[in-house]
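Notes follow the structure.
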Amino acid sequence: MIPALQTADADPEGDRKGLKSLCVWAEQFCPWVTPDGADGFWLDITGSAHLFGGEEALLQHLSGALEGFGLRHRVAIAETPGGAYALARYGEGDLIVPHGSLMERLAPLPVDALRLDLETGLMLRRLGLKTIGQIMTVPRDSLARRFETDILSAAVLRRLDQIRGLRDEPLSPMRPRMRYQIIRSFAEPLVHEEALLEQMADALEDLCRLLQQKGRGARHLAGLLFRSEGGVVTIVIRTARASDETEHFLRLLKDRTDGLDAGFGFDALTLEAVETELLHREQTSLPDMAAGARIQDDRAVMRVVDLFSNRLGADAVSVLALNQSHVPERAHAVSPGLDGFAAPAIDLPAGADRPIRLLSRPEVVDVIADLPDGPPARFQWRKRAFRVVKASGPERIEPEWWRSTDKENPRVRDYYKVEDEAGQRYWIFRAGTYQSEGRRPVWYMHGFFL
């Protein structure tokens, strides 16, 4: 019947994602954006309109962008969320309601504009109340008595109070509002990478200055670049240690924007510190201070970790971190570099010496030693025989019984440092003691001294 009619399968999930993307895009106008149903969204532009030249200029900018996206739309600016909702969905054309004239504009609109459920709207129409203006003429007490239940009357009165601004209607933003955020809008879209980096550097400098005023450093930065044809490009930067250094962040930003497709250009950007920490200042200016040198070395390592982690991916760079354990194979763990280098201090026994190299898993060795606690005199390992010329020990390490797989009889370890005829030094331990009943001790090779 209609040859030109085009059809497509419904995609509610795709529509939901599209609306969410549109809300993120709209954050260039204000940080307080939240979806409204399946086909609309609210913006709380309180305190933001002047950044775009006033409400009229902001409306034209927003409406023009939506039209450029090919979206049929209607935009309304009013003093209450309910009023903006009613005029945007049931009014005619884009409009700005002057302060004090909202009820006059709302009067001819149908009762459905009050955001009531179907049952309540149907009951109002049966009572002869078809427009908001007609409802307003009915005294409040009389209106409440016309409904069968208190729940229905309370719903109508609540919506009336909200639309007139007599009852607060707070809007929760779709994304948490960032405490440290910088927003930039451009008169002309930025197409060239150099111009984009210049603007991002300027925003980054303001953000770091804001962090410095609060004594905080950022470990997670997020940049949103808003394309003039629609869509948002997200840039995420993470660091191993909190920082407020503009130059360091800018170097990481350059890696993320290298070769970025600007499309028809970016007309706005936001830069926000998503995760921050208190930043403890450290003395580094004394040239002869050894601790200051270590601090500088740590910072240099952190910068390298940040650089490669953001360039290659968070899982591409790993570091060794200390664990709170005296069992050698549990004294360290591999963790992502961006998790930082913070580790609990471990107090080793006086005179304890640890080898630089450890076997990934201790290997069994055959040992000849004096009973009950003599050091190894000879041992055989990997089909080779070794004669010990020097030995020291033992250093006893008690088992971590809460982790032991053999809690009935956890075994202590006695570690010995031994040296063979060739001058090679080894770290050997005996698991268990000769005095224990039922189980003979077992000797293991665990590490090497260089």
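The values are calculated or read from the model by the stated rules, or taken from the named source; none is laboratory data. Computed from a prediction, not measured in an experiment: that's the story for all the values here. As a convention, Cβ positions derive from the backbone with ideal geometry for all residues, glycine included, and neighbour counts pool all protein chains shown. Ligands, DNA and RNA are stripped out before the accessible areas are found, and what is left, the full protein with its side chains, is counted by its heavy atoms. Shrake-Rupley method; radii C 1.70, N 1.55, O 1.52, S 1.80 Å.
Being surrounded by fewer than 21 Cβ atoms within 10 Å (Cβ to Cβ) and either aromatic (Phe, Trp, Tyr) or without any contact (Cβ under 8 Å) to a residue 24 or more places away in the chain (or both) is the filter here; which residues of segment 200-227 pass it? Of everything in segment 200-227, those that are surrounded by fewer than 21 Cβ atoms within 10 Å (Cβ to Cβ) and either aromatic (Phe, Trp, Tyr) or without any contact (Cβ under 8 Å) to a residue 24 or more places away in the chain (or both) turn out to be 202, 209, 213. In this structure, is residue 388 surrounded by 12 or more Cβ atoms within 10 Å (Cβ to Cβ) and either outside any loop (DSSP other than H, G, I, E, B) or modelled with pLDDT of 90 or more (or both)? So residue 388 passes the test.
Among the residues of segment 172-186, which ones are modelled with pLDDT of 85 or more and of a type outside the set (Ser, Thr, Tyr)? 173, 174, 181, 182, 183, 184, 186, listed by residue number.
Scanning segment 85-121 for residues that are within 17 Å of residue 166 (Cα to Cα) and in contact (Cβ under 8 Å) with a residue 40 or more places away in the chain, we see that the one that is most open to solvent (accessible area, probe 1.4 Å) is 103. Can you tell me which condition residue 81 does not meet? The list is (1) surrounded by 15 or more Cβ atoms within 10 Å (Cβ to Cβ); (2) under 29 Å from the mean Cα position of the chain (by Cα), and all the others hold. Going through (1) surrounded by 15 or more Cβ atoms within 10 Å (Cβ to Cβ); (2) under 29 Å from the mean Cα position of the chain (by Cα) one by one, residue 81 breaks only (2). Of the candidates 129, 124, 160, the single residue that is crowded, with 18+ Cβ neighbours inside 10 Å, part of a helix (DSSP H, G or I) and over 47 Å from the mean Cα position of the chain (by Cα) is 124.
For beta carbons closer than 7 Å, sequence separation of 6+ or different chains, a first residue in segment 325-344 that is hydroxyl-bearing (Ser, Thr, Tyr) and a second that is at pLDDT 75 or above, the qualifying pairs are 325/331; 325/400; 335/318; 335/319.
Every test in (1) among the basic types (Lys, Arg); (2) at pLDDT 90 or above; (3) surrounded by 13 or more Cβ atoms within 10 Å (Cβ to Cβ) is passed by residue 382 save one, and that test is (3). Against the condition of a type in the set (Phe, Trp, Tyr), touching a residue at least 12 places away in the same chain (Cβ under 8 Å) and farther than 13 Å from residue 379 by Cα, how does residue 434 come out, does it pass? In short, yes. Selection of segment 257-279 for residues being exposed (fewer than 12 other Cβ atoms within 10 Å of the Cβ) and either out of contact with any Lys or Arg (no Cβ under 8 Å at 6 or more places or on another chain) or among the hydroxyl-bearing types (Ser, Thr, Tyr) (or both) yields 258, 259, 261.
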